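Down below is the structure, laid out as structure tokens.
The values are calculated or read from the model by the stated rules, or taken from the named source; none is laboratory data. None of the values given here were measured: they were computed from a predicted structure. Virtual Cβ from ideal backbone geometry, glycine too; neighbours counted across all protein chains shown.
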Protein chains: 2
Amino acid sequence: MKPINTSRRTLLTTTGGAIGLASLGAISSLTPAAKALAATQTDPKTALPAYADWKHADSLIVHSANTMETKRTAFGNGIITPLDRLFIRNNISPPSAEIVADPDAWQIQIDGVKDPITLSVADLKTLGVTTVAMVLQCSGNGRGFFPSKPSGTQWTVGAAGCVMFTGVPVKTLLEHVGGMDSTAKYMTGTGGEPIPEGLDPNTIQVERSVPLEGIEDALLAWEINGQPLPLAHGGPLRLVVPGYTGVNNIKYIKRLAFTADQSQANIQQSGYRMAPQGEKGAPTQASVWEMPVKSWITHPGEPDSQLKAGPLQIQGLAMGGTSEVTEVEVSIDGGKNWKKAEFIGPDLGPYAWRQFVLPADLKAGTYTLASRAKNKAGDEQPADRLENNRGYLNNSWTDHALTITVA
Amino acid sequence: MKPINTSRRTLLTTTGGAIGLASLGAISSLTPAAKALAATQTDPKTALPAYADWKHADSLIVHSANTMETKRTAFGNGIITPLDRLFIRNNISPPSAEIVADPDAWQIQIDGVKDPITLSVADLKTLGVTTVAMVLQCSGNGRGFFPSKPSGTQWTVGAAGCVMFTGVPVKTLLEHVGGMDSTAKYMTGTGGEPIPEGLDPNTIQVERSVPLEGIEDALLAWEINGQPLPLAHGGPLRLVVPGYTGVNNIKYIKRLAFTADQSQANIQQSGYRMAPQGEKGAPTQASVWEMPVKSWITHPGEPDSQLKAGPLQIQGLAMGGTSEVTEVEVSIDGGKNWKKAEFIGPDLGPYAWRQFVLPADLKAGTYTLASRAKNKAGDEQPADRLENNRGYLNNSWTDHALTITVA
């Protein structure tokens, strides 16, 4: 990604709020002065920004105005993460809240199809409607566990939630527009964030391409958890690609295209790549698309909790990625011994997570609680993280384990 | 129920807020002066009361400080009703908010078992945990459609929601206390509302008995929709009996007993009975327990909406009561012709509701939209309501139909 000069930075920060660049993927390419500015803007004690002031502050760790995660113990057992507890991660500052004042009026251009067309959300609502339960998770969730401390938000477990999106299936839309071009190999979504004048859009435009397999259960969604999609989560309209990491779920989507090539935007070409440690992202490396199988413990406490001896119910969350989660084991001794945990509550489908429980009776001592999940495709949550330069896709069970003391 | 004298009414109204009696089942037995007072207190324009000031006012019809329902078009398609849009119906004013400040400290007495015991919520959490998705619905939901205008809140469709409760199964608790007494025929829960001194508790105590079949999937719940149960919905601890009407799901529960007889409280003996029109409730009549199969249309609008001609997706909600909903048909001509609707989204189990959709293309004209559901047990949603003196259990599809105009 090219360096961004100060005047451009100023434009950005004034366009969308106080913190335009703090969590931009470009942070490592900023000038020293801009880096210093960004550092002050990622103070963990930052208050909730105006566009998210309806969030439940006690349940969140606020990394910056564009990045906040759910605390490990704030997930509860409702399967669906309440919206006021759901993480936020914006690559750049969101557009003006005016765009959600009349959500039905928002327009999206459909390209790379037999009959290209511009449709409003009101139009989309007449075409079809369905609902999907899915894990929404930032590509960098768990980055905070990498000893190499990759640049970016130091998420632990909470840049993830399980939500219900409602919208029109992309497949239904494709029928309406006569099908995609025969040359199409990717579905490319373009975000509606305003691009400051004079700036090459490719430097900051949130535009991502996913392979055609992603279309199968994808939606253009106008609702989340039974309510109109708020600006903070990509309203009025968001592309959702179940099983794919958050960045592929384009907020305030203004264009959906079926393309022969991947987007030329930096966020696609060099961003969100599984680059080896110390190397920059490049198109030759794997793109961050599908989520791997993963689980973590949410109860009885945050790491280093002090607990009273006695019986308790160890609880956690397990997701299969693009394949249904089928089994979870729990260890209380850091992975030496494992016991199968029980799933509780309804199964919301392959893209949702499930809650698991293992009863235990802990005497005084120190315990390292860990969980490891398997999915239907046969993938097992590994002990070791896949090292990469930006700290993506961490599903290591050792990294997600937590140590507690019982007295 | 005995008349309540003015000094007792004063006690009630000062105990729990401004409106102690407005929505009490006893309203028909009040003095004329008290009736007049109650009438002013059920002004639909009443603002949200303090204990519910976090609710989404635009999604609710506020009947009184103790009764508010979700608007027909505010349900959305998330299956789970967001807490800030969920109806509220309290028989009497809730206890002080102090009881949810330290929810784990709340205590419940377990009686009618081999080893009676007092347990805190913290204790309950060590015994077991599970999650259930279920429709929570006021017994009188749909009362507003009775031409006889029975006394009580004039609910239309919105004194209902589908929520996820988390807690310990009552069956697990029973194992812990050595099983229930051999003479037990009912599970009786007692609410924690404060009873003014000098008042016979049976006159206002919320204490309900359900048959033992209700135990099967019952929970003592401390969470709703993934967050600690708020006071407005019965926190810190609520008995939930999936498939049974709201009143049987005892809020702020302070005692759970397995009893040979039904509670002696008026709310059990004469309240919530299927009394013939014009007759008072009596123990000889059927108690309001299980919910029947039911459905209603939520989209494209409120009754008497004016819509633009063209394609649209007719949407609604369908519940099976105590047996899974299996089918829904939709009519656009007031029930002359029916088409099978499609269920969308995940199936959250037999006690949850499901969303259904039927695409239509409406030309100019007037349409009466109706839906009728069937459940696995073979019950069909009837055309006619079951007439009864207090307007309970309305599941008539004609009553729930709505007329719209298309131009």
Do you know which residues across region A:349-407 are within 22 Å of the chain's Cα centre (by Cα), of a type in the set (F, W, Y) and under 22 Å from A:G310 (Cβ atoms)?
-> A:F356
Options B:L60, B:L24, B:L37, B:L12; residue that is assigned by TED's automatic domain parsing to the domain that holds B:V163 and at pLDDT 50 or above | B:L60
Restricted to region A:110-124 and to residues being of a type in the set (D, E) and outside any helix (DSSP H, G or I), the residue nearest to B:A309 (Cα to Cα) is A:D115
Among the residues of region A:116-148, write down those that are in contact with a Ser or Thr (Cβ under 8 Å, 6 or more places away or on another chain) and of a type in the set (F, W, Y).
-> A:F145
Considering region A:69-89 alone, what residues qualify as being more than 7 Å from chain B (Cβ to nearest Cβ), β-branched (V, I, T) and either in contact with a Lys or Arg (Cβ under 9 Å, 6 or more places away or on another chain) or part of a loop (DSSP other than H, G, I, E, B) (or both)?
-> A:T70, A:I88
Test: residue in region A:325-348 that is more than 12 Å from chain B (Cβ to nearest Cβ), within 21 Å of the chain's Cα centre (by Cα) and either under 30 Å from A:L212 (Cβ atoms) or crowded, with 19+ Cβ neighbours inside 10 Å (or both) = yes
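This table checks each residue for (1) part of a strand (DSSP E or B); (2) within 13 Å of chain A (Cβ to nearest Cβ); (3) closer than 28 Å to B:A260 by Cα.
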{"site": "B:I99", "(1), (2), (3)": "no, no, no"}
{"site": "B:I108", "(1), (2), (3)": "yes, no, yes"}
{"site": "B:T126", "(1), (2), (3)": "no, yes, no"}
{"site": "B:G140", "(1), (2), (3)": "no, no, yes"}
{"site": "B:S151", "(1), (2), (3)": "no, no, no"}
{"site": "B:L173", "(1), (2), (3)": "no, no, yes"}
Please find, among A:W296, A:W289, the residue that is surrounded by 18 or more Cβ atoms within 10 Å (Cβ to Cβ), touching a Pro at 6+ places or on another chain (Cβ under 9 Å) and of a type outside the set (D, E, K, R).
-> A:W289
Meets criteria (over 18 Å from A:N388 (Cα atoms), within 17 Å of the chain's Cα centre (by Cα) and within 14 Å of chain B (Cβ to nearest Cβ)) for A:L317 = yes
Within region A:111-124, can one find any residue that is within 14 Å of another protein chain (Cβ to nearest Cβ) and touching a residue at least 60 places away in the same chain (Cβ under 8 Å)?
-> yes
Hey, can you tell me all the residues within region B:64-74 that are buried (at least 24 other Cβ atoms within 10 Å of the Cβ) and either of a type in the set (V, I, T) or modelled with pLDDT of 95 or more (or both)?
-> B:T67, B:M68, B:E69, B:T70
Within region A:195-224, can you find the residues that are buried (at least 16 other Cβ atoms within 10 Å of the Cβ), touching a residue at least 40 places away in the same chain (Cβ under 8 Å), part of a loop (DSSP other than H, G, I, E, B) and more than 14 Å from every other protein chain (Cβ to nearest Cβ)?
-> A:P196, A:L199, A:Q205, A:V206, A:A218
Would you please list the contacts, defined by Cβ atoms under 7 Å and residues six or more apart or on different chains, that run from a residue in region A:362-376 that is under 16 Å from A:L402 (Cα atoms) to a residue that is modelled with pLDDT under 95 and among the polar types (S, T, N, Q)?
-> none
